[in-house]
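This report concerns only the one structure given below.
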Amino acid sequence: MIDRRTLLKGGAVSAAAATLGLPAYARGGPIRIGYVSPGSGPLSAFSEADDFMVAQFLKAAEAQGLAVEVTVKDSQSNPNRAAEVARELITRDEVNLLLVASTPETTNPVCSIAESEEIPVISSVAPWQPWFIGQQGNPGDPGSWQEFDYAYHFFWGLEDNVGAFLRMWESLETNRKVGALWPNDGDGNAWASDVGLPAAAAAAGFQVTDAGRYQNLSDDFSAQIGAFKREGCEIMTGIPIPPDFTTFWTQARQQGYAPKIVSIAKALLFPESVEALGDLGHNLSCELYWSPAFPYASSLTGESAKELAAAFEDAAGRQWTQPVGFTHALFELAADALKRCDDPTDGDALAETIAATSLDTVVGNVGWGTDNLPDFARKNVAKTPLVGGQWRREDDGRFELVIVENGNAPEIPLGGTLEPIG
């Protein structure tokens, strides 16, 4: 039986190494996987599904005859700590494969270390632009950008998120003025750049007010609120971390700022973040990259998205959250690569096996080398579906995330249309 407390502490947990039918490489010991995520700190909401998903993976791996060991490390929501634990996993724990999730502050340092040490790594839950461009030696010079040999990432891009937001905004009548709240971090700088929101919004006829970068964990957003009020911004957007949006939105309503539409990336992914706002959370909108309504199933357990969400809720005693699907998919991809690779202890062979992946997962098909990306990112990035969602407060106080926009993925069913904030 797997001890989830050990997982939460970041210890190593092994499936039985003596299972029948193991390939020859595994008979001398398990394949070692290292997993890094923000288990504590302001990004910790992204890791809520970690212990459940690792336990689920180990159970499935044992049933399939894969001898594996998973060591979980907490980045503490700190890029320096993420790099440090990645080095520990490689040099001390001698992992054969790294998995990492959640925001560029966690994924980028881990992937950079893995690439330099020639250890295969699969990464997710960060838009592909800040992931790929952010790791380049000179992010401002596209001519100098290099492909990676060991780092592979799957998620959507800024173009998908921006497109979903713009289509939601088009569905309601506004003055088309948008207030933008950008933090001074990897996500905020990417969203505020030429590959982010401003150019696409201007092309669609929206006028963006950029109130300037701010530091994460700020406690006063009066300057930004004042700028949005002066410009009459009836739409508000941004990509703050969860505690910062709670601070901003509470202060905004106290100071009389009441836009018709609020579409926030990252901070509104989690039900507890919206529940903390009470009535102020009703009709806030966000990107939606996984939910029980998605029409996909796990290659590892056979569960549908709906069944996986229900299993998480039963085990964790709390509402499903979007990272459930992507944490599970990370381990789907790991299991698939280990089964297909002749020798997963050979880093080059395992990296080549990962690169050749085409797998139907609980978040959709994941395969690298497709033609829906720029040439420079095609080898290392695989895109997944993204839609738009809106939080609705139910009579019992519970919030439900309703799919209100599906232009990027029409196979994902709508659950309603965007409503203005009351």
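The values are calculated or read from the model by the stated rules, or taken from the named source; none is laboratory data. Values in this document were obtained by computation on a predicted structure and should not be read as measured data. Virtual Cβ from ideal backbone geometry, glycine too; neighbours counted across all protein chains shown. Heads up: the accessible areas ignore ligands, DNA and RNA and are worked out on the full protein's heavy atoms, side chains in. Shrake-Rupley method; radii C 1.70, N 1.55, O 1.52, S 1.80 Å.
Remarks
- Contour minus Cα-Cα distance for Gln255 and Asp343 (0.36 nm per residue): 25.6 nm
- Computed E for Leu172/Lys59 - FRET, C-beta separation, R0 45 angstrom, nearest 0.05: 0.45
- For the chain, modelled as a GNM whose springs connect Cα atoms under 10 angstrom apart, the maximal fluctuation among His328, His153, His282 occurs at His282.
- The phi-based Karplus calculation (6.51 cos²θ - 1.76 cosθ + 1.60; θ = phi - 60°) puts the 3J(HN,Hα) values of the stretch 390-396 at 9, 7, 10, 7, 7, 4, 7 Hz, whole numbers, x for Gly and Pro.
- Across the stretch 169-245, C-alpha contacts under 8 Å between residues 6 or more apart give a mean separation that, scaled by the residue count, equals a relative contact order of 48 percent.
- The helix-based estimate of mean residue ellipticity at 222 nm for the chain, built from -39,500 (n - 2.57) per DSSP H run of four or more residues and divided by its residue count, is -10000 deg cm²/dmol to the nearest 500.
- Net charge, Arg167 excluded, C-beta distance under 14 Å - Lys, Arg +1, Asp, Glu -1: -4
- In sequence order, the stretch 67-83 has phi-based couplings of 8, 9, 10, 10, 10, 9, 10, 9, 6, 6, 6, 10, x, 5, 5, 4, 5 Hz under the Karplus curve 6.51 cos²θ - 1.76 cosθ + 1.60, θ = phi - 60°, and Gly or Pro positions carry x.
- Counting only DSSP beta bridges whose two residues both lie in the chain, roughly 35 percent are antiparallel.
- Of every Cα-Cα pair in the stretch 300-422, the percent that sits beyond 26 Å: 36 percent
- The chain - accessible surface per residue (Å², probe 1.4 Å): 37 Å²
- For the stretch 342-422, with all protein chains in place and a probe radius of 1.4 Å, 44% of the accessible heavy-atom surface sits on carbon or sulfur.
- Nearest-10 value in Å² for the accessible area of Asp360, using the 1.4 Å probe: 110 Å²
- Taking a Cβ cut-off of under 14 Å around Ala211, the surrounding Lys, Arg, Asp and Glu residues balance to a net charge of 0, with basic ones at +1 and acidic ones at -1.
- Spin-label model distance (nm) - Ala356 vs Ala202, 7 Å beyond Cα toward Cβ: 4.6 nm
- To put it simply, the accessible area of the stretch 133-265 at a 1.4 Å probe is 46 percent carbon and sulfur.
- Sum of side-chain charges, Asp185 neighbourhood, beta-carbon under 13 Å (Lys, Arg +1; Asp, Glu -1): -1
- In order through the stretch 292-301: 3J(HN,Hα) via Karplus (6.51 cos²θ - 1.76 cosθ + 1.60), integer Hz, x for Gly, Pro: x, 7, 5, x, 10, 9, 6, 7, 8, 10
- Taking 7 Å steps out from each Cα toward its Cβ at Thr370 and Thr247 produces label points 3.8 nm apart.
- Taken about its Cα centre, the chain carries a charge dipole of roughly 560 debye when the Cβ of each Lys and Arg holds +1 and the Cβ of each Asp and Glu holds -1.
- Close amide H contacts of Thr209 (hydrogens built in the peptide plane, cut-off under 5 Å, sequence separation of 5 or more or a different chain): Val178, Gly179, Ala180.
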